[in-house]
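Note sheet for the following structure.
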Amino acid sequence: ENDIISFFNPAAEQMWGYKKEISIGKKSVYLFPMQDNLKEEKSYLGNIVHAGINKNYDEKQMFMLDKEMNKIEVFAKISHFSLNNNIYIAIFLKTV
């Protein structure tokens, strides 16, 4: 909601390398940094997030960056939904 991270599970902590306590409440750019060399990269998950998610995405192979800016190949499924008049986006990831 409002581009704020509201849930961060242990698997996310391990994948990104950030702790839950530090991550919750931050903007998504924290997890999906914009890199000039990745602006046109269609398989970078951050580009979908930065474009603004307004629909669901079926599972597809992509990559993300960890806190050391290393590429991590993942399967991503993105669900956009409304709950109690708030809009949420859930990103389900599993490593390749």
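The values are calculated or read from the model by the stated rules, or taken from the named source; none is laboratory data. In this text the structure is predicted, and so the values were computed from the model without any measurement. A quick note on method: Cβ atoms are made from the backbone with ideal geometry, for glycine too, and the neighbour counts reach across all protein chains shown. Heavy atoms of the whole protein, side chains included, go into the accessibility calculation; ligands, DNA and RNA do not. Shrake-Rupley method; radii C 1.70, N 1.55, O 1.52, S 1.80 Å.
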Checklist entry - If contacts are Cα pairs under 8 angstrom and at least 6 residues apart, what is the relative contact order of the chain in percent? => result 21
Checklist entry - Over what distance in Å are the Cα centres of region 1-24 and region 43-96 separated? => result 13
Checklist entry - Quick one: Debye curve from the C-alpha atoms of the chain, no solvent, what's log10 I(q)/I(0) at q = 0.14, 0.18, 0.21, 0.25 Å⁻¹? => result -0.49, -0.84, -1.18, -1.67
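So, R0 is 30 Å and r is the distance between the beta-carbons of ALA11 and ASN56; what FRET efficiency does that work out to, to 0.05?
0.90
Among the trypsin sites (Lys or Arg not before Pro) within region 1-41, which fall in a DSSP loop and have no more than 13 other Cβ atoms within 10 Å of their own Cβ?
Passing both the DSSP loop test and the Cβ count: LYS19, LYS39.
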Checklist entry - Placing +1 at every Lys and Arg Cβ and -1 at every Asp and Glu Cβ, with all other atoms neutral, what dipole size does the chain have around its Cα centre, in debye to the nearest 20? => result 100
Checklist outcome for this item: Sorted by chain and number, the residues with a modelled amide H under 5 Å from that of TYR18, at a separation of 5 or more or across chains, are none
Item to check | Check: region 1-57 dipole with +1 on Lys, Arg Cβ and -1 on Asp, Glu Cβ, in debye | outcome: 80
Next on the checklist: In Å², and per residue, what accessible area does the chain have when probed at 1.4 Å with the other protein chains present?
Outcome noted: 67
Checklist entry - What nm distance separates the two modelled labels at GLU68 and LEU83, each placed 7 Å from Cα along Cα→Cβ? => result 3.4
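Out of the total accessible area of region 1-54 (probe 1.4 Å, heavy atoms of protein only), what percent is carbon and sulfur?
Here it works out to 52 percent.
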Next on the checklist: Antiparallel versus total DSSP beta bridges in the chain: what percent is that, nearest 5?
Outcome noted: 95
